[in-house]
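Okay, so here's the structure we're looking at.
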Amino acid sequence: MNLKNAIIAGSTGLVGSALVSQLIQDESFESVILFLRKQNGSNHPKIKPVIVDFDNLENNAYSDTPTHAYCCLGTTIKKAGSKDAQYKIDHDYVIAFAKVCKQMGVKTFSVVSSLGANFESKNFYLNTKGQMEEDLKSLGFETLIIVRPSLLLGNRNEFRLGEKIASFCMKLFSPFFIGSLKKYKGIQDVAVAKAMIYYSSFSNKGTFIHENDELLDLK
């Protein structure tokens, strides 16, 4: 079996952390490269931390040859401080990371987007995610996997009051999210991470978009 090598951006976030945990337990992956702003203290033998400046990713040379890339970058306006700052992280950093991965020879690129992403949307967040998706498509990866989760559920390192309230309501009314409403149902971080690994395990070429209800259906 040819072992795979992963590279991740956004590994300290909700989905990214779950992704790292699952990849280091996956015997088909030999190594997991993490693009980090600073050391995170991980000492697992599979993990290789690489400290980077996301504003200057393309100005550096990288010797690694990953086969699969996973991008879990994302933030909120409140945390970023402005729409421009959020756009930089949710769009610019994602595209910069993708370009570096392309240069490194990555064939399969997987990214966390959002339910409702659309570059024609008047909603700033959904428009940003939609633009990010369109720009990724133009880079020409052999396989591009886009997952569009609804509200992410899990234990964040940071406290977000709005998401805590939404998460509580989502769990309370979860039984009612059936049929056409299923795609709006909240989803656990580990489920999204599992789906990214699962869909990236196939050798099909092209762009594949997986909506929230598909992610929920994976067991």
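The values are calculated or read from the model by the stated rules, or taken from the named source; none is laboratory data. Quick caveat: nothing in here was measured; it's all calculated off a predicted structure. Here the Cβ positions follow ideal geometry from the backbone for every residue, glycine too, while neighbour counts run over all protein chains shown.
For the range 129-145, name all the residues that are more than 14 Å from the chain's Cα centre (by Cα) and of a type in the set (A, V, I, L, M, F, W, C). Leu139, Phe141 - these are the residues of the range 129-145 that are more than 14 Å from the chain's Cα centre (by Cα) and of a type in the set (A, V, I, L, M, F, W, C). How many residues does the range 137-147 hold that are in a loop (DSSP other than H, G, I, E, B) and either touching a residue at least 24 places away in the same chain (Cβ under 8 Å) or not hydroxyl-bearing (Ser, Thr, Tyr) (or both)? Residues that pass the stated criteria total 4.
Ser203 meets all of the listed conditions (1) within 22 Å of Ile7 (Cβ to Cβ); (2) among the polar types (S, T, N, Q); (3) at pLDDT 95 or above but one, namely (3). Taking residues in the range 199-211 that are more than 15 Å from Val106 (Cα to Cα) and without any contact (Cβ under 8 Å) to a residue 12 or more places away in the chain, and partners anywhere that are hydrophobic (A, V, I, L, M, F, W, C) and in a strand (DSSP E or B), not one pair has Cβ atoms closer than 6 Å while being at least 6 places apart or on different chains. If you check Gln22 against the conditions, is it in contact (Cβ under 8 Å) with a residue 40 or more places away in the chain and either under 17 Å from the mean Cα position of the chain (by Cα) or not in a helix (DSSP H, G or I) (or both)? Spelling it out, Gln22 is indeed in contact (Cβ under 8 Å) with a residue 40 or more places away in the chain and either under 17 Å from the mean Cα position of the chain (by Cα) or not in a helix (DSSP H, G or I) (or both).
Residue-level analysis places Phe159 among those that are outside any helix (DSSP H, G or I), of a type outside the set (Asp, Glu) and at pLDDT below 95.
The selection criterion, being farther than 28 Å from Ser203 by Cα, modelled with pLDDT of 95 or more and touching a Ser or Thr at 6+ places or on another chain (Cβ under 9 Å), holds for Leu126. A single entry from Ile77, Ile95, Ile51 fulfils the requirement of being among the β-branched types (Val, Ile, Thr) and modelled with pLDDT of 95 or more: Ile95. Test Asn40 against the stated conditions and say whether it is modelled with pLDDT under 95 and either outside any helix (DSSP H, G or I) or over 22 Å from Ser113 (Cβ atoms) (or both). Yes, satisfied. For the range 35-44, a tally of residues being touching a Pro at 6+ places or on another chain (Cβ under 7 Å) and buried (at least 23 other Cβ atoms within 10 Å of the Cβ) returns 0. When restricted to residues that are at pLDDT 95 or above, surrounded by fewer than 18 Cβ atoms within 10 Å (Cβ to Cβ) and more than 18 Å from Ser203 (Cα to Cα), the range 1-26 contains 4.
When the range 56-69 is limited to residues that are touching a residue at least 24 places away in the same chain (Cβ under 8 Å) and hydroxyl-bearing (Ser, Thr, Tyr), the one that is surrounded by the fewest Cβ atoms within 10 Å (Cβ to Cβ) turns out to be Thr65.
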